[in-house]
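Here's the structure we're looking at; comments come further down.
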Amino acid sequence: MTSQVLPPCQAACPVRTDGGRYARLVAEGRYAEAYEVICRTNPFPSVCAHICLRPCESHCRRGELDSSVAIRALKRFVTEASGAKRPQPPDRKPATGSRVAVVGAGPAGLTAARDLRLAGHEVSVFEHLDRPGGMLNVIPRYRLPQAAVDADIDAILAVGIDVTYKCQIGRDVTVDALLEKGFDAAIVATGLSRSRGIAVPGFGGQRFTAAIPWMTDVWLGSKVDVGRRVAVIGGGNVAVDVARTARRLGAEFVALICLESREEMPAEPGELELSEAEGIHVMPRAALKRVLNRDGAIAALELMAVVSVFDEAGRFRPTYDPSRIRTLAADMAILSIGQAPDRSWAEGTAVQTDERGRIVASRDTHLTSHPRVFLAGESLRGPGNAIQAVADGHRAAEIASRFLETGHVSAPAPDDVRPLDAFPPDVMANLRTMHSPAREPEPFAETEPSLDEAEARREGDRCLGCLAGAVIDTDKCASCLTCFRVCPLDAVEIGEVMTANPVRCQACGLCASVCPAGAISLSYWEGAELTEALQSVPGSATEADGSLALVCRYRAEGGIEATNVLTVPCLARLKPVDVLRLFRQGCRSISLYPCAEEDCKYGAAWRNVQVIADYVRNVVQRVWPEAAIDLYLPETVGYPSAAPQEDQDDRRKAERD
Amino acid sequence: MEKHTVLLVDDDVGFLTATSLVLEHAGYRVVTAEDGRAGLAAAREHKPDAAVIDVVMKRPDEGFALARAIRADAELAHTTLFILTAVGKHYQMLFEPDEQWLPVDKVLEKPITGDRLADEISAALAKADHREGNL
């Protein structure tokens, strides 16, 4: 079987969001379409716009060149600042008459619930908290604002999902009882609701707690207790969240104590840097040996040195040096060494557990030992992140829906995808670096900074268009080699037929604009859209003064003063014949505004625009002597005030001399 | 066949009484202790096949300490050890056996029925007998 090749960002995303496509749509100002692409596979766009761990960015090919496209920041711009409305969900399929109980209203459970509802099943969700969101509720609000959680969940529930809150599975209702009540299947997605404990000597003193209960108290508005000197045990992202939260709540001293070395710590490096900037002390290679209590309350922690964390086979098997001990004064200890599922719901039901108490379930089919009970999300897969939970919710819903419709349980076809190969060195050498306007968050910031519109468009334009490039129609191709000659990246290959190598092509579109046979199209950019836009011009242009400004759509800055303005996707892709047609349709003065050179990812696209302008000028002035076509080349930064072509030619000539 | 001996350590006398009855009915010889110190002494005296240990007694970590002490005693190291506690639910933590701090065979959560506890002990002792038989 052949793997499907995808852009690396899309291949890395658990729900296969086409990050490149929405980045390019943002660059063009097509925000509603970008929102639609984002929501196509992800019902938690606002949540992921804040907290996704960005596997897309880790695999972005621009990262090999300068820095990855800030895809998550673009998602946040689209969902919060672009003005675009959230797209409507797909139409619900006709009712099937089946009923499904989903236990747990976190990302996995709600994704499954939404998919099942859209598939025509009746869905009821049972949640033990008094609100939906699951673990999203314990993510600090400075990282994930409540409004983002609410926006996604409101949209999900609006498809017609019924939720019963404060209903704990196993305590208030059992899965057996749900099935007896008429539900045809149940999906349990209760996540990892318990923190792992350490039976360390001195355990149990006052202010000895764990991450999940403490963060639940903090972020769900219960009574919050924070010490003056807080020790957080753990080196993952949750531990960092706990430490930063404690600091924000007024702890004077916060230490992050972890077994791993700084390089081995599982926390995101950026988050770790921020936490240190906020005054948190990171203590790597240290293990809790003993808690020293005074009058029943924590007074200090005894720590011992860690020699190694993993054995030669890479298994977690820490070794210690008990001779190297240090004591850390602390009045609070918060364990954050991992999370585990609460499996007590399975006790007394037909759902079996293994000898270690784990629920027996297939990772392929999600099915437990009960023929109508499925697991989803972290309950099945173990620790993960929000977007992985969403992906698993989709998968569980697909399997459960098929079961409800056919009576058979089977795993979906394997998702066999492969990322587009890395750049060849010679392509890398020809690519243009572009500075990213995305900013890192400041210490103690309420939320991460967001992009404004100009920044977002520029950031979107940094997308290199992996797999969005040229496709040559071999039926139309006359093998004239024009495309081969103009391609700046040697992406066109000559064989029995002409082909464009997708690993090299960057979708600049030059080949498509010059192909005399019209045999080349771009996977993403559609020439028909431009032709249609150009054909709509004459009426308005002639009603005024017959003048028209054509402006590159990727241009981030404003400031074009013209009566009639038409933005086009990259001026270098204009075909001379299209411009000539504008004159024939009534235009007498056309001004061309390409991007400033430092904003143009193709760098020298304006040269192609100049070629087009010179060619058109030569033709039209023979027919209409009064006709003008002027090219407004950029200054070093931004756009110049309109300058006649001759002046600019003189300036360039002077620069050359 | 000689009866297996089970040591129950818990500061809840009602629990000790009720659970002893169930386990004796299931065929075990049962000895009890109400704190960690007495539990260790009883273990040394009776050399139980299995011990079921509560955590929070006079001290919040007393059961954990007793489990480590029994495991560290060469004459008792083979004892099948259970932690039986509500401390996990109380702290919303999950405790699982680990070599360093919790060298027990299984962690069970209260509440638990006497019958289920008897089943757990029976299964664990059968496994231990099988292991020893294979040696």
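Rule-based calculations on the coordinates, nothing more; no lab input. Model, not experiment: these values are computed from the prediction. Please note: Cβ atoms are built from the backbone with ideal geometry, for glycine as well, and neighbour counts cover all protein chains shown.
Counting only lysines at least 8 places from A:Lys476 when in the same chain, those with an alpha carbon closer than 20 Å to its own are A:Lys575.
With helices as the sole contributors, the protein assembly as shown gives -9500 deg cm²/dmol at 222 nm; each DSSP H run of n ≥ 4 counts as -39500 (n - 2.57), and the sum is divided by every residue.
Here B:Lys47 is the anchor, and the lysines within straight C-alpha reach of less than 22 Å, apart from those fewer than 8 places off in the same chain, are B:Lys3, B:Lys106, B:Lys127.
Looking at chain B, which longest stretch skips every one of the trypsin sites (Lys or Arg not before Pro) that is in a DSSP loop with at most 11 other Cβ atoms within 10 Å, leaving the sites themselves out? It would help to have the intermediate numbers written out before the result.
Values: sites that count: B:Lys3, B:Lys58.
Result for the longest clean stretch: B:59-135.
The GluC sites (Glu not before Pro) found in segment A:262-352 that occupy coil by DSSP, while having at most 10 further C-beta atoms within 10 Å, are A:Glu263, A:Glu312. At 20 °C and 1.002 mPa s, what whole-number value in µm²/s does Stokes-Einstein give for the translational diffusion of segment A:1-114, with Rh from the Kirkwood sum over Cα pairs? Estimated via Stokes-Einstein, D reaches 138 µm²/s.
Each 10 Å bin from zero up to the one holding the largest Cα-Cα distance in chain A carries the following percent of pairs: 3, 13, 20, 21, 17, 12, 8, 4, 1, 0. Can you classify chain B as rounded, prolate or oblate using the Cα gyration tensor, where a ≥ b ≥ c are the square roots of its eigenvalues, rounded means a/c under 1.5, and otherwise it's prolate if a/b beats b/c and oblate if not? Because its axes are fairly even, with a/c under 1.5, chain B counts as rounded. Relative contact order for segment B:5-130: 23 percent, from Cα pairs under 8 Å spaced at least 6 residues apart, divided by residue count. Between the exposed loop cleavage positions of chain B, defined as GluC sites (Glu not before Pro) in a non-H, G, I, E, B DSSP state with at most 16 neighbouring beta-carbon atoms within 10 angstrom, the longest gap is B:3-74.
Using a ≥ b ≥ c from the Cα gyration tensor of segment B:6-64 (square roots of the eigenvalues), is it rounded, prolate or oblate, where a/c under 1.5 gives rounded and otherwise the larger of a/b and b/c decides, a/b for prolate? Provide the component values of the computation, followed by the final result.
Numbers: a/c = 2.34, a/b = 1.36, b/c = 1.72.
Judged from the Cα gyration tensor, segment B:6-64 comes out oblate (a/c at least 1.5, b/c at or above a/b).
Under Stokes-Einstein, with the Kirkwood radius over Cα pairs as Rh, the value for segment A:150-216 at 10 °C and 1.306 mPa s is 101 µm²/s.
Between rounded, prolate and oblate, where does segment A:415-526 land on the alpha carbon gyration tensor, with a ≥ b ≥ c its root eigenvalues, rounded for a/c under 1.5, else prolate if a/b exceeds b/c?
Details: a/c = 2.61, a/b = 2.33, b/c = 1.12.
Prolate.
Among the trypsin sites (Lys or Arg not before Pro) in segment A:330-399, those located in a DSSP loop and surrounded by at most 14 other Cβ atoms within 10 Å of their own Cβ are A:Arg356, A:Arg358, A:Arg363.
Which whole-number percentage describes the relative contact order of segment A:280-423, with Cα contacts under 8 Å and a sequence gap of 6 or more? Provide the component values of the computation, followed by the final result.
On the way: 176 pairs, mean separation 17.3, N = 144.
It rounds to 12 percent for segment A:280-423.
What you get for segment B:5-130, charging only the Cβ of Lys and Arg (+1) and of Asp and Glu (-1), is a dipole of about 80 debye around the Cα centre. Of the chymotrypsin sites (Phe, Trp or Tyr not before Pro) found in segment A:151-209, those in coil by DSSP whose Cβ has at most 15 other Cβ atoms within 10 Å are A:Tyr165. Can you figure out the FRET efficiency of A:Asp452 with B:Glu45, using R₀ = 60 Å and their beta-carbon distance, to the nearest 0.05? About 0.20, to the nearest 0.05.
Which helices, taking whole DSSP H runs in chain A, have alpha carbons extending 27 angstrom or more along the helix axis plus mean Kyte-Doolittle at least -1.0? Sorted by number, the helices that extend far enough and score high enough are A:386-406, A:605-623. Please report how far the C-alpha centroid of segment A:289-314 lies from that of segment A:349-408, rounded to the nearest whole angstrom. With segment A:289-314 and segment A:349-408 each reduced to a Cα centre, they are spaced 36 Å.
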